[in-house]
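The values are calculated or read from the model by the stated rules, or taken from the named source; none is laboratory data. The structure displayed is predicted, hence computed values, not measured ones. Cβ atoms come from the backbone with ideal geometry, glycine included; neighbour counts cover every protein chain shown.
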Amino acid sequence: MFELSSEVRTADDDVAAALAYARSVAGRSHVAEDLAMHWALAHPEAARLAAARPGPALTWRLTDLAVADAPSEDLLEALGAWERTAAWVAAEQARVLQELQRRVAASTWAQKGLREDVAGTLAVSGRAAGILCDRARELTAAPEVHDALREGVLSVRKADVLLRDTGSLPASEARRVHDALIAQAPLLTAPQLGAAARRAVLELDPHAAEARHRQAREERCVVLEPAADCMATIRAYLPATDAVRAMRALDAVAAAAAPEDPRGIDARRADALVDVLAAVLDAGVSVQATSPGRRRRRTPRLNLTISTDALAGATSTAGFLDGYGPVLPSLARRLAHEAAWHFVRTDPATGEALEQPGSRYRPPEALRSAIIARDVTCTFPGCRVSAQVCDLDHTVPFDDTREAAEQTRRSNLTALCRHHHRLKTHGRWTPSRDPDSGVVVWTSPGGKPYTRDPVEAPGEPDRRLARREADQGGGDVGAGHQGAGRDGDVGDDRSSLTGADPPDPAPF
């Protein structure tokens, strides 16, 4: 990032802004860097806003922006610039609170009184004031996070997530995780950043993580919370595996509805929960779905991935529970007894799963499983829809006049949720995969690139901490995928949950 100046802009300034922007968004992809450079030179004011460091100069520039007359490219980057400015404001607010906290550190009652002073000054609740005070205190112990917040590298939410999910670590280990993840934070969503932090915490001290899991498990509960409009929320605090099992079961009942069922997927899940539990009260037996019609579906599957070394107890590498994220290897080993296994190799350069090409439009089961293992989620940047329920799309559209084996192969298949599959087909967004880095680059209709780094095969050792010092390659490490039951058509499953219009792309 660089400082904006109120002086007259020069061509050299535009080039500098374009370079700064391209490097900030490209990640490990030279293809994305070239696209970003081309876009930035075509939209210099947008590039300057995108690369500008938050502070008084940027705030002045944003407030002076003629919103009604500015190009859409400038407005999108102004939106991002205001987000960085909000982070800068939160960091400066925390700096003031830290000084106030230092002045009352010697008195417990003065500390409690400070929270009430903050609440009164800001006209907020004591709980809201406590959140601000807690953030300031946590940032005092993590100056690297505070600096990243001040620079706009972390948003307020990302900073809170990072502090929360590393809060169980000693300060030195937490700093190690922070340093490794902050550099990647601009290209990650807050949930993705949280998952990366939780994985690092599990692997840094698995014994302490195991103890925390046992303690947390004792606090499992189900709570009813009243809501407006004669509605209520049922909140369940469960072990991750139990929670994912419950959601898979609700998904299975919801997917059994007839195609003409007018209810959305969320409503069908809610009705399924009520129907199943009401049956216990009414007759003590399970209940059939009450939708207008039902379709026969395959048994739902719980997918867990873990390296063979971790399965054998030789390493503490975290497992990956589809629909949740990183889990303790000990938890994965306990589930192994009830699983069927599928083994794949991983790419030594990117850590992604590998497999062989198919001989027809629809990929064979082995290739389908490998694409799901490689992509893990939809490959649109920031999307976390599981690849298990995604369509597998030919990046370059399938051509009936060419050999299928040249097209239905790993390099030309990618997992896309139905929404982003539609976006590609109808919205003029273009994805491509950088063969050297494994980065998926999406180009908007306006030519702006967005990147999605390759997902190292879940269960493989996390390279983020090592990558902080130097890039390290991996080997062909076996990773097992375990499940029990459903091997259904991925695209059809997604379609059954959301409904698909006739002109939409064909799923598989």
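Would you check if A216 is over 20 Å from Q388 (Cβ atoms), outside any loop (DSSP other than H, G, I, E, B), among the aliphatic types (A, V, I, L, M) and more than 22 Å from the chain's Cα centre (by Cα)?
Yes, satisfied.
For the range 111-124, filtered to residues that are among the aliphatic types (A, V, I, L, M) and loosely packed, with under 14 Cβ neighbours inside 10 Å, the residue that is farthest from A171 (Cα to Cα) is A123.
Annotation note: Cβ proximity below 7 Å between a residue of the range 435-448 that is outside the structural domain of H38 (by TED's automatic domain parsing) and a residue that is surrounded by 20 or more Cβ atoms within 10 Å (Cβ to Cβ) and among the basic types (K, R) (sequence gap 6+ or interchain) occurs for V439/R452; V440/R433; V440/R452.
Scanning the range 184-234 for residues that are in contact with a strand residue (DSSP E or B) (Cβ under 7 Å, 6 or more places away or on another chain) and basic (K, R) yields R198, R199, R220. Taking first residues from the range 239-252 that are surrounded by fewer than 17 Cβ atoms within 10 Å (Cβ to Cβ) and partners that are assigned to a helix (DSSP H, G or I), the Cβ contacts under 7 Å between residues at least 6 apart in sequence or on separate chains come to P239/R217. Test A171 against the criterion of being among the small types (G, A, S) and at pLDDT 95 or above, and give yes or no. The answer is no for A171. Please find, within the range 125-162, the residue that is surrounded by the fewest Cβ atoms within 10 Å (Cβ to Cβ) out of those that are in contact (Cβ under 8 Å) with a residue 12 or more places away in the chain and not in a helix (DSSP H, G or I). For the range 125-162, the residue satisfying everything is E151. Condition (residue is in a helix (DSSP H, G or I), among the hydroxyl-bearing types (S, T, Y) and on the phi < 0 side of the Ramachandran plot) applied to the range 82-92: is it met by at least one residue? The answer is yes, given that some residue of the range 82-92 is in a helix (DSSP H, G or I), among the hydroxyl-bearing types (S, T, Y) and on the phi < 0 side of the Ramachandran plot.
Return the residues of the range 221-241 that are more than 24 Å from L335 (Cα to Cα) and touching a Cys at 6+ places or on another chain (Cβ under 9 Å); say none if nothing qualifies.
R235
Apart from one condition, Y361 fits all of (1) surrounded by fewer than 16 Cβ atoms within 10 Å (Cβ to Cβ); (2) modelled with pLDDT of 70 or more; the exception is (2). Checking each residue in the range 44-66 for being assigned to a loop (DSSP other than H, G, I, E, B), in contact with an Asp or Glu (Cβ under 9 Å, 6 or more places away or on another chain) and without any contact (Cβ under 8 Å) to a residue 60 or more places away in the chain picks out G55, L65.
Of A197, A174, all but one fail to be touching a Gly at 6+ places or on another chain (Cβ under 9 Å), buried (at least 22 other Cβ atoms within 10 Å of the Cβ) and in contact (Cβ under 8 Å) with a residue 12 or more places away in the chain; the exception is A174.
Against the test of being touching a helix residue (DSSP H, G or I) at 6+ places or on another chain (Cβ under 8 Å) and either surrounded by 15 or more Cβ atoms within 10 Å (Cβ to Cβ) or under 29 Å from Q388 (Cα atoms) (or both), the options A209, A256, A270 yield a single qualifying residue, A209. With respect to A86, is the statement that it is within 30 Å of A52 (Cβ to Cβ) and either touching a residue at least 60 places away in the same chain (Cβ under 8 Å) or acidic (D, E) (or both) true? Against the criterion (within 30 Å of A52 (Cβ to Cβ) and either touching a residue at least 60 places away in the same chain (Cβ under 8 Å) or acidic (D, E) (or both)), A86 qualifies. Taking the condition of being at pLDDT 70 or above and part of a helix (DSSP H, G or I), how many residues in the range 364-409 meet it? Count: 14.
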